[in-house]
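Asks: Here's a structure for you.
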Amino acid sequence: MSNTVTNVVFAGLGGQGIIKSSDILAAAAFAAGLDVKKSELHGMSQRGGSVTSDVRFGSEVLSPMVPAQEADFLLVLEPTQVEINRGLLRPGGVLLSPDLIPDGALRNKKSLNVAMLGVLSVLLALQPEHWEQGLKECLAVRLHKVNEQAFALGRRQGEARFKS
């Protein structure tokens, strides 16, 4: 990775795993030896309200908040949250929406957040072992297998979409 800061904003609704997926990315970036800052906005998350989480990483990060129009990546788990959060994305930034994962492709629909991390992983210079460490650090052992499968599915989808 270069000396620049990478800005990722996660957006969705309460209960979709926004915070958990941002935790996994932060842990993976930290495992890579990068400076990591993270912030969350829960809103009415317990009632299905909007949730966002910012993750910033690089050689030196001074603030946890991603300024408007500076997100390199906007990862959205709920389609209704795309337009609400689009203004966070920088010109030329990448929107990752849940339609990148085919309906019915996941063994467990609750793993959509991790599948979307698999898509994101194609676009970041973090190594597979860093992602694996982040997943294992942030998820209960009983959830490792299903989430490793979801991550691999997302990675395949990301490679098909962004590497072709």
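Asks: May I ask you to compute the full-extension gain from residue 141 to residue 83, defined as 0.36 nm times their residue separation minus their alpha-carbon distance, rounded to one decimal in nm?
Replies: Working: separation 58, 0.36 × 58 = 20.88 nm, distance 3.55 nm.
Gain in length upon complete extension: 17.3 nm.
Asks: Using the Cα centre as the reference, give the magnitude of the dipole from point charges on the C-beta atoms of segment 6-162 (Lys, Arg: +1; Asp, Glu: -1; all else neutral), rounded to the nearest 20 debye.
Replies: On the way: 16 positive and 16 negative charges, 92 e Å.
The calculation lands at about 440 debye.
Asks: Now for a separate question. Please compute the Cα-Cα pair-distance distribution of segment 77-164 with 5 Å bins starting at 0, giving whole percents from short to long.
Replies: Whole-percent P(r) values from 0 Å outward: 3, 14, 24, 23, 20, 12, 4, 0, 0.
Asks: Amide H neighbours of residue 48 under 5 Å, at least 5 residues apart or on other chains, H built in the peptide plane: list them.
Replies: 14
Asks: Within straight cross-link reach of residue 145, meaning Cα distance under 24 Å, which lysines are found once same-chain residues fewer than 8 apart are removed?
Replies: Those lysines meeting the cut-off are 20, 109, 110, 136.
Asks: Can you figure out the FRET efficiency of residue 129 with residue 162, using R₀ = 25 Å and their beta-carbon distance, to the nearest 0.05? Numbers along the way, then the final one.
Replies: Details: r = 21 Å, r/R0 = 0.85.
My answer for the efficiency is 0.75.
Asks: OK, next. Using DSSP to call loops (not H, G, I, E or B), can you name the GluC sites (Glu not before Pro) in segment 60-164 whose Cβ has at most 11 other Cβ atoms within 10 angstrom? Kindly include the intermediate steps, with their values, before the conclusion.
Replies: Numbers: sites: 60, 70, 83, 129, 132, 137, 148, 159; in loops: 60, 70.
Loop-located and lightly packed - 60.
Asks: Now for a separate question. Give the Kirkwood hydrodynamic radius (Å, one decimal) of segment 1-111, defined as one over the mean of 1/r across all pairs of different Cα atoms. Write out the running numbers ahead of the final one.
Replies: On the way: mean 1/r = 0.0700 Å⁻¹.
The answer is 14.3 Å.
Quick note: the coordinates plus some simple rules give every number you see, no bench work behind them. None of the values given here were measured: they were computed from a predicted structure. Every residue, glycine among them, receives a Cβ derived from its backbone with ideal geometry; neighbour counts consider all protein chains shown.
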